[in-house]
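In what follows, a structure is listed as structure tokens, so that the remarks can point back to it.
Coordinate-derived values only; no laboratory data. Since we're looking at a predicted model, the values are computed, not measured. Here Cβ is always computed from backbone atoms with ideal geometry, including for glycine, and neighbour counts include all displayed protein chains.
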Amino acid sequence: MIPPFHDVALDVSRPVARLEIARPDKLNALRDETAGEILAALRVAEARAEVRSLVITGRGRAFGAGYDLSVPPPTMPPELGDVLERHFNPLIAAMRSSRLPIVAAVNGPCAGASVGLALASDIVIAAEDAYFYEPFVGLALVPDAGNTVFLTRLLGRGRAAAMMLLGERISAAAARDWGLVWRTCAPADLEATVAGIAERLAVLPPAAIAATKRLIGEAAEADLADRLAAERDAQAIAGRGPEVLDRIERFFRARRG
């Protein structure tokens, strides 16, 4: 039985399960409850033997705007270390250790923690009008949700440092050329392209897929738990810094135009 979800929609009626982040009015920004629901949905899919692969995407025009910083009271620094420990680090770890091959369909802007969510998937496909964006340092925060691990190891130190420190938008084409995503396609073709890849995965031997995923993880990120803990600790300190509230206020003021 699928539990009631508010922030996500899950379809497990076919061998290719589909998990959609469903907060389009917030550009699918991730609050604590969203992370918990994504993890719960992943567990539901994993528990069904007939489910052989999983697609994760965002509803509407964005994949995800990162952590929803509008949730904490505007005069209170967010307790981001606790947020990571309780909600996001368990989700990232669960995605990387899942038996299911996970395909991220990046259908639009992908920022902050949502980048970590996409890169915790096994294969990332992006629409040509999508982009990737690391706003953390500009908000007096540090990258989290696995970003420092995934970006550094996928891109190399130079590109990862520039992306995280400068906070420039990285186009889907650049992300493909740099090795951040597997493939790009026209926005109108994204759903069919991702479905085709997920269906190919769904007919492969599940034990071989799970073992291959495990070996890749051990080779590329055997220290993932330690690195997530380091991000948590650094973010706990940064989130209490003197500039954070002012930077967040300016960020939302700029978005309101």
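Compare the peptides 220-226, 233-239 by average per-residue count of other Cβ atoms within 10 angstrom and give them in order, highest first.
Top of the packing list down: 233-239, 220-226.
For the Cα atoms of the chain, what angle does the longest principal axis make with the long axis of helix 32-46, in degrees from 0 to 90, nearest 10?
10
Tell me, in nm to one decimal, what length is gained between Phe251 and Ala207 on full extension, where the rule is 0.36 nm per residue of separation less the Cα-Cα distance?
11.3 nm
Going out from 0 in 10 Å bins, what whole percent of all Cα-Cα distances in the chain drops into each bin?
All Cα pairs, binned at 10 Å, distribute as 7, 33, 39, 18, 3, 0 percent.
Among 22-29, 177-184, what's the highest-first ranking by average C-beta atoms within 10 angstrom per residue?
Those peptides, ordered most packed to least, come out 22-29, 177-184.
I'd like the orientation of helix 206-221 relative to the chain: the angle between its Cα long axis and the longest Cα principal axis, in ° from 0 to 90, rounded to 10.
Between the helix axis and the principal axis of the chain, the angle is about 30 degrees.
What do the square roots of 5 times the Cα gyration tensor eigenvalues come to for the range 121-257, in whole Å, largest first, as semi-axes of the equivalent ellipsoid?
Ellipsoid half-lengths, sorted descending, are 31, 21, 13 Å.
Could you work out how far helix 244-256 tilts from the main Cα principal axis of the chain, as a 0 to 90 degree angle to the nearest 10?
The angle comes out near 70 degrees.
Which residue, Leu155, Pro187, Gly64, has the largest displacement toward the positive end of the dipole of the chain when charges sit on each Cβ (Lys, Arg +1; Asp, Glu -1)?
Final value for the positive-end residue is Pro187.
Amide H of Val8 versus every other amide H placed in the peptide plane: which residues, excluding those fewer than 5 positions away on the same chain, fall under 5 Å?
Residues meeting the amide H criterion: Ala22.
How big is D for the range 44-193, in µm² s⁻¹ as a whole number, if Stokes-Einstein is applied with the Kirkwood radius of its Cα pairs at 37 °C and 0.692 mPa s?
This corresponds to a translational diffusion coefficient of 207 µm²/s.
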